[in-house]
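Beneath this line is the structure, given in structure tokens, with notes to follow.
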Amino acid sequence: MNQDKKCRWGILGAARVNERLLPAIVEAGNSELVAIASRRPGAAVETLAKYSPQSQNVRTYDNLDALLDDANVDAVYLPLANNEHAEWTLKAIAKGKHVLCEKPMALAVADIDAIEAAAKQHNVTVMEGFMYRFHPQHARVLELISSGLIGEIRTVRASYSFMMRPARMYRLTENIENGGGALWDIGCYAIHSARMFFNQPALAVTMMSSYTDSGADMGSSGIIDYGSGKFAHFDFSFERARRCEYEVTGTKGGIKCHVVWQLPGDAPVISWWTEDGRQAEERMSAQNHFTLEIEHFSDCVLNGKAPALSLQDARDNCKILVAALQSSAQGQRIKIA
């Protein structure tokens with residue numbers, strides 16, 4: 001393999017997340033941005049000019065299918081509306097494109113099954129875009145846990161929130177069944193990060209939510225039951241100050257990740273304590289987890305590697321999200337099949 005070869009990226013949509021993702025593609029050493037498309041006339045040109053004005057020879061399209069027909073595009077980043085993710089992931093796969101799909105990959109487990117079958121048929125790589133997992137702070141947390149520092153894990157608590165601002169009100173346009181609201185936007189992070197620490201299937205979930213008139217949820221709290229007295233507590237909201245943290249408590253102590261979503265200027269901080277009186281705070285160097293995610297996925301495409309986040313991982317996350325939605329609607333504990 002030519003080490004100088006780069007994965008050629010196309011962006012399928014002019015969403016706000018391009019503020020972070022587009023520069024990450026440009027900055028990644030093994031990647032090259034070659035195209036961007038939007039259905040809004042002029043939006044692709046505007047997005048490129050806004051987030052990477054120095055980029056040269058990037059083709060812009062006012063049609064999503066035109067980008068998928070571009071033979072110079074190896075991989076697609078897909079940041080469309082939540083209820084379009086599965087549809088356009090399948091369309092991109094059918095055109096032979098590798099796909100990094102912004103979370104959530106799909107609103108139904110059956111759609112992820114279809115995506116996996118299509119990816120195998122067309123021999124392409126597909127991954128759900130949980131960028132936070134590529135920051136080294138989480139590998140450090142897992143390393144501390146593996147060392148036996150906090151004993152056997154009993155509880156994980158994950159909290160994610162920010163105050164909804166006018167520029168983000170589009171998140172509430174659709175009802176929760178169609179991908180609108182907090183569950184599919186930030187709740188998927190809370191559940192995904194909590195799942196990182198349990199090496200066993202979830203048995204059931206219970207969730208309570210508050211809703212807008214449109215049927216989108218503004219926030220929720222819930223518990224995932226892993227059996228044998230092991231639980232993951234999660235909460236997320238569009239009506240609270242910014243919080244993005246998780247805490248893992250075991251039989252001998254606990255570990256906390258203070259800032260999971262690393263924004264520019266954030267300091268990665270991990271703290272831990274043990275029952276025998278030891279405690280410490282570890283500060284890590286700032287890193288761009290979007291760039292790390294792009295570099296990882298590009299490496300998978302270029303060198304035929306399996307992504308760190310598998311489609312089974314996407315399926316398992318979706319199962320809990322769907323069950324949590326059902327629990328909130330029915331007001332009862334829902335078993336996870």
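Numbers at a glance
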item	result
Cβ pairs under 9 Å, 6+ apart, first in the stretch 249-276 and of a type in the set (Ser, Thr, Tyr), second part of a loop (DSSP other than H, G, I, E, B) and surrounded by fewer than 16 Cβ atoms within 10 Å (Cβ to Cβ)	251/151; 251/152; 251/275; 274/151; 274/252
Matching residues, the stretch 65-91, being in contact (Cβ under 8 Å) with a residue 60 or more places away in the chain and exposed (fewer than 14 other Cβ atoms within 10 Å of the Cβ)	72
Any hit, the stretch 311-334, residues being without any contact (Cβ under 8 Å) to a residue 60 or more places away in the chain and under 19 Å from residue 193 (Cα atoms)	yes
Residue tally, condition of a type in the set (S, T, N, Q) and under 16 Å from residue 321 (Cβ atoms), over the stretch 109-125	0
Of all residues in the stretch 47-64 being surrounded by 14 or more Cβ atoms within 10 Å (Cβ to Cβ) and either of a type outside the set (Ser, Thr, Tyr) or within 20 Å of the chain's Cα centre (by Cα) (or both), the one that is nearest to residue 89 (Cα to Cα)	64
One residue from 65, 4, 70, 113 being in contact with a Gly (Cβ under 8 Å, 6 or more places away or on another chain) and either in a helix (DSSP H, G or I) or more than 20 Å from residue 133 (Cβ to Cβ) (or both)	70
Extreme residue, surrounded by the most Cβ atoms within 10 Å (Cβ to Cβ), among residues of the stretch 268-301 that are hydroxyl-bearing (Ser, Thr, Tyr) and at pLDDT 95 or above	298
Residue 144 vs. criteria touching a residue at least 60 places away in the same chain (Cβ under 8 Å), open to solvent by 10 Å² or more (accessible area, probe 1.4 Å) and not in a helix (DSSP H, G or I)	no
Residue within the stretch 129-139 that is outside any loop (DSSP other than H, G, I, E, B), modelled with pLDDT of 95 or more and surrounded by fewer than 19 Cβ atoms within 10 Å (Cβ to Cβ) present	yes
Search result, residues across the stretch 149-195 that are over 13 Å from residue 103 (Cα atoms), aliphatic (A, V, I, L, M), buried (at least 19 other Cβ atoms within 10 Å of the Cβ) and modelled with pLDDT of 85 or more	150, 153, 156, 158, 176, 194
All positions within the stretch 196-209 that are within 12 Å of residue 224 (Cβ to Cβ), touching a helix residue (DSSP H, G or I) at 6+ places or on another chain (Cβ under 9 Å) and open to solvent by 20 Å² or more (accessible area, probe 1.4 Å)	201, 206
Boolean, residue 280 is more than 24 Å from residue 206 (Cα to Cα) and touching a residue at least 40 places away in the same chain (Cβ under 8 Å)	no
The stretch 253-267, subset open to solvent by less than 10 Å² (accessible area, probe 1.4 Å) and under 18 Å from the mean Cα position of the chain (by Cα), residue nearest to residue 21 (Cα to Cα)	262
Among the residues listed as 228, 221, the single one being more than 16 Å from residue 188 (Cβ to Cβ) and either open to solvent by 10 Å² or more (accessible area, probe 1.4 Å) or in contact (Cβ under 8 Å) with a residue 60 or more places away in the chain (or both)	228
Qualifying residue in the stretch 304-313 (condition: closer than 29 Å to residue 30 by Cβ, open to solvent by less than 50 Å² (accessible area, probe 1.4 Å) and part of a helix (DSSP H, G or I))	yes
In the stretch 1-53, the residues that are free of Cβ contacts under 8 Å to residues at least 60 places away in the same chain, small (Gly, Ala, Ser) and out of contact with any helix residue (DSSP H, G or I) (no Cβ under 6 Å at 6 or more places or on another chain)	42, 43, 44, 49
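The values are calculated or read from the model by the stated rules, or taken from the named source; none is laboratory data. What you see is a predicted model; the values in this text were computed from it and never measured. Cβ: placed from backbone, ideal geometry, glycine included. Neighbour counts: every protein chain shown. These accessible areas exclude ligands, DNA and RNA; they are computed on the full protein's heavy atoms, side chains included. Shrake-Rupley method; radii C 1.70, N 1.55, O 1.52, S 1.80 Å.
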